[in-house]
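The values are calculated or read from the model by the stated rules, or taken from the named source; none is laboratory data. These numbers were taken from a predicted model, which means no experiment stands behind them. Because the Cβ atoms are built from the backbone with ideal geometry, glycine has one as well, and the counts that use them run over all protein chains shown. Only protein heavy atoms, including side chains, enter the accessible area calculation; ligands, DNA and RNA are left aside. Shrake-Rupley method; radii C 1.70, N 1.55, O 1.52, S 1.80 Å.
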Amino acid sequence: MSRPTQTAVERRKLLARLFPGGIPKLWCPLITHYDRDGALDAPRMAAHLKHLSPHVQGFLIPGSTGDGWELDDDETRRLLTIALEQIARLNLHVLIGALRTGADAADRVIGDTVNWLQSRTDIVQGGKGSLPSYVSGFTICPPRGKELSQDNMGEALASILRHGLPTALYQLPQITLNEVHPELAASLAREFPNFILFKDTSGADHVVLSGQKLENVFLVRGAEGDYVRWLKSAKGPYDGFLLSTANCFGRELHQIIDQLATRRATSARELSERLTACINEVFGIVTGCPDGNPFANANKAMDHFFAYGPRGVDAPPPRLHAGSSLPVEVMRATAEALLRHGLMPEKGYLE
């Protein structure tokens, strides 16, 4: 067996400092909640995080599911103000999303956010670039562009990684219209010890299936469904999950991870199949909604019933960033799907 590279050793040490209790195997791109007037709903955000915290210890805020591509700078700052207070109180970890279509814009967001974080009073001291202990780093995507070359993509990503801040790379071709090839991902991992986590939502999983080494980079799958076969504990290629549906099924996904770790594969497969069937149905239900994206819409629809329980059919539907609300027929169909698959909670976390 070959010895780890110096970069891999430095990355392992960095991860040990960032996650002294170990890296969470389940991460959630938290939904952004809005009140009836369209303002960020701080009490609802707090209740949601508290509800998830026994099962989910890592969060991406804002992610695609949290309207990260739609929020402007002021909205993102208000969201972080609300979320980070709860993240610190609940002793959780967060990756801050810098989701912009160009590297320069993402770099600016990161710089501005670091300056803002350092102006707060809860910073752990450690020199230039210090972050609060619960902020594990930033998440970036490749710059957007279908025809963008791997060389151009690599230089754009490297320009951000050179700052030395802990950084996660998010493969999201549904938005960026491109993919980081396995060779580029491996090259970045060899050069930058602060490249700490790689998330792939493509569903193709080209990087992890390529055989390229990303030594000590924590690998998480973002595509939904068929959860059992993808984890290393089941001889799959991924260390964990970063899933939009952890907003609703944090407990169940945590159970699957635990069942696989304790060799209860049959139970894990049965639960995975039930979740997959329900989630696929709800994603189909929200197809065609004129506003929002499928990740946010499906999870807002399902979380509504985790918040209110069965009586959620009578509560006002969730509001979207665009200012509209999910259609009543979407909410009714979602309730039917949760009931059919035995996943409707008896009582909501707001009750």
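What to note about this one:
- Residues considered: T113, T65. Of these, the only one that is among the β-branched types (V, I, T), surrounded by 22 or more Cβ atoms within 10 Å (Cβ to Cβ) and part of a helix (DSSP H, G or I) is T65.
- Within region 180-226, tally of residues that are touching a strand residue (DSSP E or B) at 6+ places or on another chain (Cβ under 6 Å) and charged (D, E, K, R): 3
- Scan of region 321-351 for residues that are closer than 17 Å to T245 by Cα and part of a loop (DSSP other than H, G, I, E, B), ordered by number: H341, G342, L343, M344, P345, G348, Y349
- Picking from residues in region 205-235 that are among the small types (G, A, S) and open to solvent by less than 20 Å² (accessible area, probe 1.4 Å), the one that is nearest to G22 (Cα to Cα) is G222.
- Only residues that are of a type in the set (S, T, N, Q), touching a helix residue (DSSP H, G or I) at 6+ places or on another chain (Cβ under 8 Å), more than 17 Å from D67 (Cβ to Cβ) and not in a helix (DSSP H, G or I) were counted in region 2-51, giving 1.
- Selection count where residues are in contact with a strand residue (DSSP E or B) (Cβ under 9 Å, 6 or more places away or on another chain) and either among the acidic types (D, E) or free of Cβ contacts under 8 Å to residues at least 60 places away in the same chain (or both), scope region 292-330: 3
- Which listed residue is open to solvent by less than 10 Å² (accessible area, probe 1.4 Å) and farther than 19 Å from G348 by Cβ, from S267, S272: S272
- Some residue of region 221-234 being within 30 Å of S130 (Cα to Cα) and either aliphatic (A, V, I, L, M) or modelled with pLDDT of 95 or more (or both): yes
- Elements of type strands (runs of 3 or more DSSP E) contained in region 142-241, each with 2 or more residues being hydrophobic (A, V, I, L, M, F, W, C) and within 20 Å of V109 (Cβ to Cβ): 167-171, 195-200
- Region 176-204, residues that are closer than 20 Å to W27 by Cα and either in contact with a helix residue (DSSP H, G or I) (Cβ under 6 Å, 6 or more places away or on another chain) or not small (G, A, S) (or both): N194, F195, I196, L197, F198, K199, D200, T201, S202
- Failed item, numbered, when S210 is tested on (1) over 26 Å from T7 (Cα atoms); (2) out of contact with any Ser or Thr (no Cβ under 9 Å at 6 or more places or on another chain): (1)
- Residue count for region 59-93 under the criterion of being more than 22 Å from P142 (Cβ to Cβ) and in contact (Cβ under 8 Å) with a residue 40 or more places away in the chain: the result is 11.
- Unmet criterion (only one of (1) hydrophobic (A, V, I, L, M, F, W, C); (2) open to solvent by 20 Å² or more (accessible area, probe 1.4 Å); (3) more than 24 Å from P4 (Cα to Cα)) for I160: (2)
- Test: residue in region 321-336 that is crowded, with 17+ Cβ neighbours inside 10 Å and within 23 Å of W27 (Cβ to Cβ): yes
- Residue list for region 174-193, restricted to those being of a type in the set (S, T, N, Q) and crowded, with 20+ Cβ neighbours inside 10 Å: T176, N178
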